[in-house]
Structure formats: structure tokens, C-alpha cells
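Notes to accompany the following structure.
The values are calculated or read from the model by the stated rules, or taken from the named source; none is laboratory data. What you see is a predicted model, and the numbers here were worked out from it, not measured in a lab. Every residue, glycine among them, receives a Cβ derived from its backbone with ideal geometry; neighbour counts consider all protein chains shown. Areas reflect the complete protein model, heavy atoms only, side chains present, ligands, DNA and RNA absent. Shrake-Rupley method; radii C 1.70, N 1.55, O 1.52, S 1.80 Å.
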Amino acid sequence: MSLKKSLLVFVMGVFVILAGMISPAKAAEALEIVPNQKVCMVTNMVFPRDQIPVKQGGKTYYGCCENCKKTLAEDATARTAIDPVSGKSVDKATAVIAARADGSVVYFQNKKNFEKFRARK
């Protein structure tokens, strides 16, 4: 594994640890809608730069590295998430994506569900 990938894995691990330290109410308040192309849809993290596009079934998904590109192309489960409001499966390519302060993202069916989620206290 390259130094760059090792560092990325380490940083993502720190984000995961910190995510557990933030209360759900505080995390909901900090949510902000982000452009889909800024999200690695495998690691479910937002990045400052555009991610690598992966065309699949007429839709575009995004990954941060060659491994994520491969996962998105080969694993249909990596291309879906569960909307926390409706509990329904969401296609990540068409989802409204919101990022928490720690960089992790949440996928929503629509903006209405995002607003409901963010309004929770």
C-alpha cells in the first residue's frame, strides 16, 4: 500500500472514531448538502476535490481511488444506501447527499427527507 493510501486509511479511521463522539442531534445540525461528485461513494466521505467518475447503468457514481472505482463497477450494494428518514434504499447517484462536520455523509431520497432529518433535535 502506498504512503498516500495508508495516510488516507488512517485519516478515515480517525473520522470514524470521532464520529462516535458526536451526539446524533449535534451531527444532524451540522449536516450540509454537498455535490455528489465530491463524495467517495464507497468510503462515504466528502472530499474537497472532485472524485473519479464511474459510469454504471447510465448513472454516474464517484470513488476516491482505483479500488473504489472497481468496487462501484462490480458491487451493486456499494451503489445504494438507506435513507435514515424513510428507511428505504437510495441510489447514491441520484441521492441528496449531506456531509457531517467529520466528513462522513448521509444519503437521502430527496431534499424533504434531508430537511426532516436536520430538523430533529
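Quick notes on this structure:
- Odd one out for residue 70 among (1) open to solvent by less than 60 Å² (accessible area, probe 1.4 Å); (2) assigned to a helix (DSSP H, G or I); (3) not aromatic (Phe, Trp, Tyr): (1)
- The stretch 55-65, subset over 18 Å from residue 96 (Cα atoms) and touching a residue at least 12 places away in the same chain (Cβ under 8 Å), residue most open to solvent (accessible area, probe 1.4 Å): 56
- Verdict on residue 86 being modelled with pLDDT under 95 and hydroxyl-bearing (Ser, Thr, Tyr): no
- Count - residues of the stretch 82-116 that are open to solvent by 20 Å² or more (accessible area, probe 1.4 Å), part of a strand (DSSP E or B), in contact with a Ser or Thr (Cβ under 8 Å, 6 or more places away or on another chain) and touching a residue at least 12 places away in the same chain (Cβ under 8 Å): 2
- Positions within the stretch 30-47 being closer than 10 Å to residue 100 by Cβ, surrounded by fewer than 16 Cβ atoms within 10 Å (Cβ to Cβ) and either modelled with pLDDT under 50 or not small (Gly, Ala, Ser) (or both), in sequence order: 32
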